[in-house]
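> Take this structure, written in structure tokens, and hold onto it; I'll ask about it next.
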Amino acid sequence: ATLGPRHWRARRARQRQEARLSRLVEKVRSGAVPAPADSVLDRVSRHRHPGGELLEPRTAAVELLNVIRPTAAISWFVAFAAHALHRWPANRERLCGGDPTYAAAFTHEVRRFYPFAPFLGGRAVTDLSWRGESVPAGGMVLLDVYGQNHDEKLWGDPYAFRPQRFLECPVQRDELIPQGGGDPGAGHRCPGEGMTIGLLEALTTRLARLEYEVPEQDLTISLRRIPARPRSGFVIGDVRSPEA
Ligand code: HEM
């Protein structure tokens with residue numbers, strides 16, 4: 001999502017991975033490399049078009065990356081969750097207790113409070129008007145994700161990290177939009193949102209129960225980086241007993 005060298009590095013990395021996974025799919029098909037039965041690699045390698053032909057190796061590679069890429073994206077939110085536990089440690093106790101309702105509220109607050117994608121763009125497919133604004137066909141419409149998730153009218157004290165708000169009032173589809181808005185079946189909303197929430201609930205609880213040290217590092221978050229993240233990532237250190 002960034003212009004310049006980082007963008008080109010990312011593109012090269014993607015091409016490299018697509019080439020590597022295309023070769024892997026070919027090797028699985030020829031039997032040169034075994035794939036665990038019914039693993040994603042096995043299923044994608046064997047998948048056929050409705051006409052019966054196997055997927056092109058590159059298409060199969062893209063499908064494999066489509067599983068890995070968004071799962072890796074969740075690690076961004078996990079780093080933000082670690083940041084929140086570090087800044088507001090009282091949350092740790094409540095998460096350690098294993099209350100699933102609190103884990104859900106904490107997960108929603110991490111996704112609301114922290115920046116990930118600042119906005120999403122789409123082109124109008126037809127001339128349209130929305131609340132008195134007209135947009136011509138082909139016009140670019142931006143959804144202000146960060147602005148909506150920090151709108152004072154919706155959230156009261158938007159810059160306070162307060163999972164409690166989701167215990168007081170259940171999450172509303174058109175208010176909390178860290179993964180896009182509207183109906184996932186018809187609009188610009190992530191169909192993997194439920195999976196993201198489920199993984200984050202499990203991982204933030206595990207993180208809260210983990211004993212670790214937070215070494216000196218730069219935890220500032222620049223809104224110029226897309227997607228945003230703590231400058232140092234979130235480095236944790238092993239807590240070892242003196243004998244270990
Ligand atoms: C950090 C976590 C994630 C974020 C912030 C995120 C965000 C988004 C957003 C904003 C879109 C809509 C883009 C648009 O239409 O303009 C999208 C689409 C999509 N997401 Fe996610 N996502 C995440 C994780 C996941 C996961 C875990 C999965 C599945 C395992 C997933 C699968 C998809 C798919 C398949 C689409 C394309 C849908 C389509 O084109 O109709 N995402 N995501």
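> Considering only segment 162-173, I want to know if a residue exists there that is among the charged types (D, E, K, R), open to solvent by 60 Å² or more (accessible area, probe 1.4 Å) and more than 16 Å from the ligand (Cβ to nearest atom).
Yes, segment 162-173 has at least one match.
> Shifting gears a bit: Looking at V44, V62, which one is assigned by TED's automatic domain parsing to the domain that holds L199, touching a helix residue (DSSP H, G or I) at 6+ places or on another chain (Cβ under 9 Å) and within 16 Å of the ligand (Cβ to nearest atom)?
Exactly one residue qualifies, and that residue is V62.
> With respect to the numbered conditions (1) open to solvent by 40 Å² or more (accessible area, probe 1.4 Å); (2) small (G, A, S); (3) part of a loop (DSSP other than H, G, I, E, B), which one is the sole condition not fulfilled by G121?
If we test G121 against (1) open to solvent by 40 Å² or more (accessible area, probe 1.4 Å); (2) small (G, A, S); (3) part of a loop (DSSP other than H, G, I, E, B), just (3) comes out false.
> Please count how many residues of segment 184-224 are farther than 23 Å from P163 by Cα, open to solvent by 70 Å² or more (accessible area, probe 1.4 Å) and more than 11 Å from the ligand (Cβ to nearest atom).
Total satisfying the criteria: 3.
> Something else about it: List pairs: first residue in segment 185-204 and closer than 12 Å to P70 by Cα, second residue within 9 Å of the ligand (Cβ to nearest atom) and not in a helix (DSSP H, G or I) anywhere in the structure, Cβ distance under 7 angstrom, at least six positions apart or on different chains.
Hits for this filter: C190/Q179; C190/G180; C190/P184; P191/P184; E193/Q179; E193/P184; T196/Q179.
Table: residues versus (1) within 23 Å of the chain's Cα centre (by Cα); (2) open to solvent by less than 80 Å² (accessible area, probe 1.4 Å); (3) more than 16 Å from the ligand (Cβ to nearest atom).
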{"residue": "S75", "(1), (2), (3)": "yes, yes, no"}
{"residue": "A81", "(1), (2), (3)": "yes, yes, no"}
{"residue": "L85", "(1), (2), (3)": "yes, yes, yes"}
{"residue": "L95", "(1), (2), (3)": "yes, yes, yes"}
{"residue": "F113", "(1), (2), (3)": "yes, yes, no"}
{"residue": "A137", "(1), (2), (3)": "no, yes, yes"}
{"residue": "Y146", "(1), (2), (3)": "yes, yes, no"}
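The values are calculated or read from the model by the stated rules, or taken from the named source; none is laboratory data. Treat the numbers as computed from the prediction; the structure is a model and nothing was measured. Counting neighbours? That spans all protein chains shown, and the Cβs are built from the backbone with ideal geometry, glycine included. Accessible surface areas use protein heavy atoms only, side chains included; no ligands, DNA or RNA. Shrake-Rupley method; radii C 1.70, N 1.55, O 1.52, S 1.80 Å.
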